[in-house]
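**Student:** Can you keep this structure in mind? I'll have questions shortly.
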């Protein structure tokens with residue numbers, strides 16, 4: 001199953017098209033922009049507590065087989081659930097000092 005490549009930041013709702021290098025995902029594909037991850041979320045996913053990595057860029061052209069956007073398009077379902085920053089700060093404080101690989 002391919003990554004969903006969700007079209008927006010769950011918190012601030014900016015568009016994150018498939019080629020956008022600002023997109024960050026956690027292991028459950030929660031999708032946020034780099035600004036939200038760095039400034040507000042502090043690399044703690046508000047949904048699962050995991051860390052974030054840059055979302056891979058899916059090839060836009062067919063280089064080999066069906067592994068490209070034409071055959072496996074990006075998702076179109078917008079997920080907008082602004083993060084309650086006060087609540088997230090309390091949650092993230094519990095994980096402060098624990099690296100994502102240790103959570």
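Nothing in this text is a laboratory measurement; each read-out follows from the coordinates by a stated rule. Model, not experiment: these values are computed from the prediction. Note: ideal-geometry Cβ built from the backbone for every residue, glycine included; neighbour counts use all protein chains shown.
**Student:** What ranking do 10, 40, 87 get, fewest neighbouring Cβ atoms within 10 angstrom at the top? Don't skip to the answer; put the middle values down first.
**Tutor:** Numbers: 10 21, 40 18, 87 10.
So the ranking, lowest neighbour count to highest, is 87, 40, 10.
**Student:** Relative contact order for the chain using alpha-carbon pairs under 8 Å, separation at least 6, rounded to a whole percent? Can you show the working numbers first?
**Tutor:** On the way: 155 pairs, mean separation 32.3, N = 103.
So the answer I get is 31 percent.
**Student:** Per residue of the chain, what 222 nm ellipticity follows from adding -39500 (n - 2.57) for every DSSP H run with n ≥ 4, rounded to the nearest 500?
**Tutor:** So the calculated ellipticity at 222 nm is -3000 deg cm²/dmol.
**Student:** Related question: Simple spin-label model, 7 Å along Cα-to-Cβ: residue 87 to residue 3 in nm?
**Tutor:** My value for the distance between the label points is 2.7 nm.
**Student:** Could I have the simple spin-label model distance between residue 38 and residue 12, label points 7 Å from Cα toward Cβ, reported in nm to one decimal?
**Tutor:** The answer from the label model is 1.0 nm.
**Student:** Sticking with this one: Arranged by the count of other C-beta atoms within 10 angstrom, fewest first, what order do 28, 68 take?
**Tutor:** Listing 28, 68 from fewest to most nearby Cβ atoms yields 28, 68.
**Student:** OK, next. What is the gain in length, in nm to one decimal, between residue 21 and residue 60 on full extension, counting 0.36 nm per residue of separation less the C-alpha to C-alpha distance?
**Tutor:** Gain on stretching residue 21 to residue 60: 12.6 nm.
**Student:** What angle do you read, to the nearest 10 degrees and between 0 and 90, between the alpha-carbon axis of helix 85-95 and the longest principal axis of the chain?
**Tutor:** It works out to around 80 degrees.
**Student:** May I ask you to sort 88, 80 by Cβ crowding, counting other Cβ atoms within 10 Å and putting the fewest first?
**Tutor:** Neighbour counts put them in this order, fewest first: 80, 88.
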